[in-house]
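Reading through the structure tokens given below for one structure.
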Amino acid sequence: MKMNLQTFAETKKESLLNFKNKLEIDTSGSTDLDQIASAEFAPLAAGITTITPAAADTTDASPYYDGEGFTDTTVTGKNITFQVAGHRVFGDPAQDYVASKFLLIGDELRTLAQWTDAKGNKVQAVVTLTSIVPFGGAANAKQTFSFTMAFDGKPKSVAAGE
């Protein structure tokens, strides 16, 4: 009888810290995913205290007769956003770029973004910058900074090492 020792080997589990995720924004304002190699990415890191991703799902919930009264749910679409917040750091290329868009509308708020997870996998997308807060807060506090990065269309995934 042969035994597969891998069956008994422990799977390595780890909890990775959030700062190992890298979020970048193209400060040239390009919106062509096919030209991502020429993007002028700047990290969203200095002064940033929280990044919260969300995927608002569009769903179809259909009860079928063979489900005996229970519903079958299918995700038919997603609205992916990253909420970015922290303190305003003047002179930081990424923050300066976002803050400069505060009064703009339309396509001028679109650019490329890239998220690299803690394992090196990348998600690249055209994004729209929304809800920009370039400053604010109490008189005796650091200035606040926040915005939401809304994905436009389907993002591109690149596995680590590709």
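Bear in mind that the values in this text are calculations on the coordinates, not laboratory data. Just so it is clear, the model here is predicted, and its values are computed rather than measured. Quick reminder, even Gly has a Cβ in these numbers, built from the backbone with ideal geometry, and neighbours come from all protein chains shown.
So which residues in the range 72-87 are touching a Phe, Trp or Tyr at 6+ places or on another chain (Cβ under 9 Å) and either exposed (fewer than 11 other Cβ atoms within 10 Å of the Cβ) or among the basic types (K, R) (or both)? First the steps, then the outcome.
The first filter runs over the range 72-87 and keeps only residues touching a Phe, Trp or Tyr at 6+ places or on another chain (Cβ under 9 Å), leaving 72, 78-87.
K78 - this is the single residue of the range 72-87 that is touching a Phe, Trp or Tyr at 6+ places or on another chain (Cβ under 9 Å) and either exposed (fewer than 11 other Cβ atoms within 10 Å of the Cβ) or among the basic types (K, R) (or both).
Mind checking which residues of the range 14-49 are assigned to a helix (DSSP H, G or I) and either surrounded by 15 or more Cβ atoms within 10 Å (Cβ to Cβ) or more than 14 Å from the chain's Cα centre (by Cα) (or both)? Within the range 14-49, L33, D34, Q35, I36, A37, S38 qualify.
Only one residue in V123, V89 is touching an Asp or Glu at 6+ places or on another chain (Cβ under 9 Å), among the aliphatic types (A, V, I, L, M) and without any contact (Cβ under 8 Å) to a residue 40 or more places away in the chain, so which one is that?
That would be V123, the only listed residue that is touching an Asp or Glu at 6+ places or on another chain (Cβ under 9 Å), among the aliphatic types (A, V, I, L, M) and without any contact (Cβ under 8 Å) to a residue 40 or more places away in the chain.
Can you confirm whether the range 110-118 contains a residue that is buried (at least 19 other Cβ atoms within 10 Å of the Cβ), at negative phi, more than 18 Å from the chain's Cα centre (by Cα) and of a type outside the set (A, V, I, L, M, F, W, C)? No, that holds for no residue.
Evaluating D117 against the criteria (1) closer than 18 Å to A150 by Cβ; (2) out of contact with any Leu (no Cβ under 8 Å at 6 or more places or on another chain); (3) not hydroxyl-bearing (S, T, Y) leaves one unmet condition, (1). Right, D57: in a helix (DSSP H, G or I) and either among the aromatic types (F, W, Y) or surrounded by fewer than 18 Cβ atoms within 10 Å (Cβ to Cβ) (or both) or not? So D57 does not fit the description; no.
Out of all the residues in the range 119-139, is one or more of a type in the set (F, W, Y) and in a strand (DSSP E or B)? Quick ask: steps written out before the conclusion?
Step one: of the range 119-139, the residues of a type in the set (F, W, Y) are 135.
Now narrow it down to the ones that are in a strand (DSSP E or B): none.
Checked against the condition, which is being of a type in the set (F, W, Y) and in a strand (DSSP E or B), the range 119-139 yields no hits at all.
What about V84, is it outside any strand (DSSP E or B), among the β-branched types (V, I, T) and either closer than 24 Å to A141 by Cα or within 14 Å of the chain's Cα centre (by Cα) (or both)?
Values: outside any strand (DSSP E or B): no; among the β-branched types (V, I, T): yes; either closer than 24 Å to A141 by Cα or within 14 Å of the chain's Cα centre (by Cα) (or both): yes.
It is false that V84 is outside any strand (DSSP E or B), among the β-branched types (V, I, T) and either closer than 24 Å to A141 by Cα or within 14 Å of the chain's Cα centre (by Cα) (or both).
What about V98, is it surrounded by 10 or more Cβ atoms within 10 Å (Cβ to Cβ) and outside any strand (DSSP E or B)?
Details: surrounded by 10 or more Cβ atoms within 10 Å (Cβ to Cβ): yes; outside any strand (DSSP E or B): yes.
Yes: the conditions hold for V98.
Quick grid of which residues meet (1) farther than 18 Å from V84 by Cβ; (2) of a type in the set (S, T, N, Q); (3) out of contact with any Ser or Thr (no Cβ under 8 Å at 6 or more places or on another chain):
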position	(1), (2), (3)
L104	no, no, yes
R110	no, no, no
W115	no, no, yes
V127	no, no, no
S131	no, yes, no
G136	no, no, no
N140	yes, yes, yes
Q143	no, yes, yes
F147	no, no, no
